[in-house]
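The values are calculated or read from the model by the stated rules, or taken from the named source; none is laboratory data. Everything numeric in this text was worked out from a predicted model, so none of it was measured. All Cβ positions, glycine included, derive from the backbone under ideal geometry; neighbour counts span all protein chains shown.
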Amino acid sequence: MADWVIVVDDDMANLKMAGHILSQNHMRVTGLQSGKVLLDYIGENQPDLILLDILMPEMDGFETLIKLKELEAGKDIPVIFLTANEDEESETKGLKLGAMDFIKKPFVPEVLALRVRHIIDLNRLQKNLEMEVDKKTKENERLSLHVVQTLADAIDAKDTYTNGHSGRVAKYSREIAKRAGYTEKQQNDIYMMGLLHDVGKIGVPDAVINKPARLSDDEFELIKNHPVMGARILKNIKEMPKLATGARWHHERYNGKGYPDGLAGEDIPEEARIIAVADAYDAMTSNRSYRDVLPQGIVREEIEKGRKTQFDPKFADIMLTMIDEDVEYTMREQ
């Protein structure tokens, strides 16, 4: 069944253009010309996403979104604002009201289709995770490790060259945490964080993830957005409120030159600092589209070089000890 998108805009030309682009991408599209019509329509209709223009007569997009979120039928439908202006104040206001994204008019067909598809997929994944958590909560159980491992495998399967990556990062992270004096519960929690640290890659096109050549700037921006996507997916899982920590901040650098937030030193959550070392280690000790497993000596040099710049020196030192103990170089992708 095709994904269903409602487009709300008082300009008929914009409605026709958006409808054409999304229909060409195999989506069902309904065009409406005012916020009031949308609110009346949504009572008995449940689209997968709403594209909502900001500047409309009588009721603008902001007021429409506020009233939509007050409706039981509308509160969980993701909304992307449409705007002809790059206005930071409007964007901030829209995000605070609950909008998922902004798309600039006139539309760039590829951008419109890609962003709509990503938000629908992310919202569906989050709902599935929440349903699974609700199910386990009713049974008085924690989030099933099996479910998380299955999801981690699905993430890794997007990349031909990262089979088992999430599981190895989780295992290395747990070992670092153990050696750092974490309790058993804390070790298990960081293992779960490690399993789901790359969940945001669900929203990155396979062609970008598997591209063997150098990424363009636009493609790299898509990759760089996966921590934000991951945190957005995981933040509402009440059973493990810190689950989003590893997803959002595992690409921060100790010197503040990482992404997405440019955090530095102790401002980076400790769990994310651990996962960052484990993630970098596994990236070097597994096959990639552009190279084979790196020699152990080079891996060690890179971890050593990254102390105090890329990595927290405390956790980098623990990883260096683990490398030195691995005389046969078995701690890598096999």
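Which one is surrounded by the fewest Cβ atoms within 10 Å (Cβ to Cβ) among residues in segment 119-131 that are in contact (Cβ under 8 Å) with a residue 24 or more places away in the chain and over 17 Å from Gly98 (Cβ atoms)?
If we take residues in segment 119-131 being in contact (Cβ under 8 Å) with a residue 24 or more places away in the chain and over 17 Å from Gly98 (Cβ atoms), then Arg124 is surrounded by the fewest Cβ atoms within 10 Å (Cβ to Cβ).
So which pairs qualify, if the first residue must be in segment 185-202 and without any contact (Cβ under 8 Å) to a residue 24 or more places away in the chain, the second must be of a type in the set (A, V, I, L, M, F, W, C), the Cβ gap must be under 9 Å, and the two must be at least 6 apart or on different chains?
Once the first residue is without any contact (Cβ under 8 Å) to a residue 24 or more places away in the chain and sits in segment 185-202, its partners that are of a type in the set (A, V, I, L, M, F, W, C) give Gln186/Ala177; Gln187/Ala177; Asn188/Leu145; Tyr191/Leu145; Tyr191/Ala170; Tyr191/Ala177.
Only one residue in Val293, Val299 is in a loop (DSSP other than H, G, I, E, B), touching a Ser or Thr at 6+ places or on another chain (Cβ under 8 Å) and free of Cβ contacts under 8 Å to residues at least 60 places away in the same chain. Which one?
Val293 is the lone residue from the list that is in a loop (DSSP other than H, G, I, E, B), touching a Ser or Thr at 6+ places or on another chain (Cβ under 8 Å) and free of Cβ contacts under 8 Å to residues at least 60 places away in the same chain.
Return yes or no: is Lys75 exposed (fewer than 13 other Cβ atoms within 10 Å of the Cβ), assigned to a helix (DSSP H, G or I) and within 23 Å of the chain's Cα centre (by Cα)? Before the answer, list the steps.
Working: exposed (fewer than 13 other Cβ atoms within 10 Å of the Cβ): yes; assigned to a helix (DSSP H, G or I): no; within 23 Å of the chain's Cα centre (by Cα): yes.
So Lys75 fails the test.
Going residue by residue through segment 63-72, is there one that turns out to be free of Cβ contacts under 8 Å to residues at least 24 places away in the same chain and basic (Lys, Arg)?
The first filter runs over segment 63-72 and keeps only residues free of Cβ contacts under 8 Å to residues at least 24 places away in the same chain, leaving 70, 72.
Cutting the leftovers down to basic (Lys, Arg) gives us none.
Scanning segment 63-72 turns up no residue that is free of Cβ contacts under 8 Å to residues at least 24 places away in the same chain and basic (Lys, Arg).
Considering only residues that are part of a loop (DSSP other than H, G, I, E, B) and loosely packed, with under 15 Cβ neighbours inside 10 Å, which ones fall in segment 1-22? Even if it seems obvious, please write down each step before you answer.
From segment 1-22, those part of a loop (DSSP other than H, G, I, E, B) are 1-3, 9-11; that's our starting set.
Once the filter is applied, which keeps residues that are part of a loop (DSSP other than H, G, I, E, B) and loosely packed, with under 15 Cβ neighbours inside 10 Å, segment 1-22 yields Met1, Ala2.
If you check Lys93 against the conditions, is it part of a helix (DSSP H, G or I) and either in contact with a helix residue (DSSP H, G or I) (Cβ under 9 Å, 6 or more places away or on another chain) or β-branched (Val, Ile, Thr) (or both)?
Values: part of a helix (DSSP H, G or I): yes; either in contact with a helix residue (DSSP H, G or I) (Cβ under 9 Å, 6 or more places away or on another chain) or β-branched (Val, Ile, Thr) (or both): yes.
Yes.
Test Asp324 against the stated conditions and say whether it is assigned to a helix (DSSP H, G or I) and surrounded by fewer than 21 Cβ atoms within 10 Å (Cβ to Cβ). Break it down stepwise before answering.
On the way: assigned to a helix (DSSP H, G or I): yes; surrounded by fewer than 21 Cβ atoms within 10 Å (Cβ to Cβ): yes.
So Asp324 passes the test.
Please go through (1) surrounded by 15 or more Cβ atoms within 10 Å (Cβ to Cβ); (2) outside any loop (DSSP other than H, G, I, E, B); (3) touching a residue at least 24 places away in the same chain (Cβ under 8 Å) for Asp317 and return the number of the only condition it doesn't satisfy.
Among (1) surrounded by 15 or more Cβ atoms within 10 Å (Cβ to Cβ); (2) outside any loop (DSSP other than H, G, I, E, B); (3) touching a residue at least 24 places away in the same chain (Cβ under 8 Å), the lone unmet condition for Asp317 is (3).
What are the residues in segment 40-61 that are surrounded by fewer than 20 Cβ atoms within 10 Å (Cβ to Cβ), out of contact with any Gly (no Cβ under 7 Å at 6 or more places or on another chain) and hydrophobic (A, V, I, L, M, F, W, C), if any?
Within segment 40-61, just Leu55 meets the criteria.
Suppose we keep only residues that are among the aliphatic types (A, V, I, L, M) and over 16 Å from Thr309 (Cβ atoms) within segment 242-271. Which one would you say is modelled with the lowest pLDDT?
So the first thing to find is which residues in segment 242-271 are among the aliphatic types (A, V, I, L, M), and the list is 243-244, 247, 263-264, 268.
Right, trim to over 16 Å from Thr309 (Cβ atoms) and you get 243-244, 247.
Details: Leu243: 86, Ala244: 91, Ala247: 93.
Taking the candidates together, the pick is Leu243.
Using the structure shown, decide if Lys104 is surrounded by fewer than 19 Cβ atoms within 10 Å (Cβ to Cβ) and at pLDDT 85 or above.
Numbers: surrounded by fewer than 19 Cβ atoms within 10 Å (Cβ to Cβ): yes; at pLDDT 85 or above: yes.
Yes, satisfied.
Only one of (1) of a type outside the set (Lys, Arg); (2) modelled with pLDDT of 85 or more; (3) surrounded by fewer than 18 Cβ atoms within 10 Å (Cβ to Cβ) fails for Glu239. Which number is that?
Just one mismatch for Glu239, condition (2).
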